[in-house]
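Notes for the one structure printed next.
The values are calculated or read from the model by the stated rules, or taken from the named source; none is laboratory data. Computed from a predicted model, the values in this text were never measured in an experiment. Neighbour counts run over all protein chains shown; Cβ positions are idealised from the backbone, glycine included. SASA here: full protein model, heavy atoms, side chains in, ligands and nucleic acids out. Shrake-Rupley method; radii C 1.70, N 1.55, O 1.52, S 1.80 Å.
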Amino acid sequence: MQKRIITGIIGLPVVIFLVHFGGWPLLLMCLVLSLIGLRELYRAFAKKDKSVHAVGYIFTTLYFVAVFGAGVGQWLVIALALFIVFVQVFLVLKYNKLAIEDVITTVYGFLYVPFLVSFIVLTRQHTFGWYFVWLVFTSAFGCDTFAYMTGVSIGKRKLVNTPSPSKSVEGLVGGILGAGLVGFVYGFFIVRFAAPAVDNFIVIAVVVSMIGGVASIFGDMAASAIKRRTGIKDFGNLLPGHGGVMDRADSILLVAPVVYLAVNILNCFFG
C-alpha cells in the first residue's frame, strides 16, 4: 500500500500537468505509455519479443503523429489500413519463421492499447476538450474507488462466470453510481469556477461519467481475463505497488473511446 501511495503522489501531478497542458507533451505521454503497455501485452502473450512486434511499435509512433497532426478523418483510416498491410507483408516475408498467432497478437495489441489510448489525445483536441478529457480519468478512478468501497461494505452477490469472481453485483452498481457522483461534483466545480461555454455541462458530465463507469468495469475485467488466460499476475513491474502500465490503465483503455463518442453525441444535443 505504501508503494502505491508513493507512486500516486509522484505520478498524479505529472499526469495532471500533461493533460492540462495538452499538445505535444500529452501526445508524448500517451505515446510512451502506449509503447510500454504494448510491450507488456506482447510479452504476456508471447513471453518474449517477436520480430513482427516491431511493426506494432513503429506504427504506434507513426499513428500518434498522424493523430496529432490530422486528428480524426481519412488519414486516421489510412494509417490503420497501412498497419494491416505491413503486418500482412511481414507475414509473407517471414512465412516459414512466423507463427500466425504472433501476427494476430500484433494486430490485437495495437488496436487494444495504442489505438484506444489515442482517444485521450482526440478528446483533448475537442472544442471543449480541456473540460471533457478529465472525465476519462474521473469516471474510471471514481468507478474503481466506489466499486471497491461498496463491494467491501455491502457486497454479497458475487459475480459468476466472469474473469473477476471476487467482484460483487453491489460493487458494480456502486461503482457506476459513484462515477456519476464524481461526474456531478466535477461538473459543478467546472460550472462554478470555470464557466464553460457548454449548456447543461453538469448533465453531460454525469451521463458521460456513468457510461464511462460501465466501460471501466468491462475494461478492468477484460484485462483480468487476459492475465488469467496467459497465466500472469501482473503485466509488469514498472509502477511499484501497481504492477505495469496495463495494470493501472486497463480500465481507462475502454473509457477513453466511450467518453470521446459520448461527448460528441451529447454535445450535439446539449451544446
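Show me, for the stretch 93-107, the HN-Hα J-couplings you get by feeding each phi into the Karplus relation (A = 6.51, B = -1.76, C = 1.60, θ = phi - 60°), rounded to Hz, glycine and proline as x.
Once rounded to whole Hz, the list reads 5, 10, 3, 7, 10, 10, 7, 4, 4, 5, 5, 4, 5, 4, 5.
Scaled to the compact-protein estimate 2.2 N^0.38 Å, what is the alpha-carbon radius of gyration of the stretch 85-217, rounded to two decimal places?
In units of the 2.2 N^0.38 Å rule of thumb, it is 1.41.
How large is the helix-only mean residue ellipticity at 222 nm for the chain, computed as the sum of -39500 (n - 2.57) over DSSP H runs with n ≥ 4, divided by its residue count, in deg cm²/dmol to the nearest 500?
Taking each H run of at least 4 residues, the total per residue is -26000 deg cm²/dmol.
For the chain, with a Gaussian network of springs between Cα atoms less than 10 Å apart, report the residue from LEU181, LEU76, LEU93 with the top mean-square fluctuation.
Judging by the Gaussian network model, the answer is LEU93.
In sequence order, what are the phi-derived ³J(HN,Hα) couplings for the stretch 15-27 according to the Karplus relation 6.51 cos²θ - 1.76 cosθ + 1.60 with θ = phi - 60°, rounded to whole Hz, with x for glycine and proline?
So the J values, rounded to whole Hz, are 4, 4, 4, 5, 5, 5, 6, x, x, 4, x, 5, 4.
With r defined as the distance between the Cβ atoms of THR61 and LEU159 and R0 fixed at 35 Å, what FRET efficiency is calculated, to the nearest 0.05?
0.35
For the peptides 118-127, 156-165, 217-226, what is the packing order when you average, over each peptide's residues, the other Cβ atoms within 10 Å and list the highest mean first?
118-127, 217-226, 156-165
Could you tell me, in Å, what Rg and Dmax come out for the Cα atoms of the chain?
Using the Cα atoms of the chain, the pair Rg, Dmax is 19.1, 63 Å.
Give, in nm to one decimal, the length gained when the segment between VAL77 and ASN96 is fully stretched (0.36 nm per residue of separation minus the Cα-Cα distance).
Length gained, VAL77 through ASN96: 3.8 nm.
If I compute solvent accessible area with a 1.4 Å probe over the protein chains, what percent of it on the chain is carbon and sulfur?
71
Just the accessible area per residue of the stretch 123-271, please: how many Å² with a 1.4 Å probe?
49
In terms of solvent-accessible area of protein heavy atoms at a 1.4 angstrom probe, what is the ranking of TYR112, TYR186, highest value first?
From most accessible down to least: TYR186, TYR112.
From the backbone phi of the stretch 77-85, what are the Karplus-calculated ³J(HN,Hα) couplings (6.51 cos²θ - 1.76 cosθ + 1.60, θ = phi - 60°) in whole Hz, Gly and Pro given as x?
5, 4, 4, 5, 5, 5, 4, 4, 4
Trypsin sites (Lys or Arg not before Pro), restricted to the stretch 173-251: which are DSSP loop and have at most 15 other Cβ atoms within 10 Å?
For trypsin sites (Lys or Arg not before Pro) across the stretch 173-251 that sit outside H, G, I, E and B with at most 15 neighbouring Cβ atoms in 10 Å, the list reads LYS233.
Applying a 10 Å radius around every beta-carbon, put 98-108, 78-88 in order of their mean neighbour count, most first.
By packing density, highest mean first, the sequence is 98-108, 78-88.
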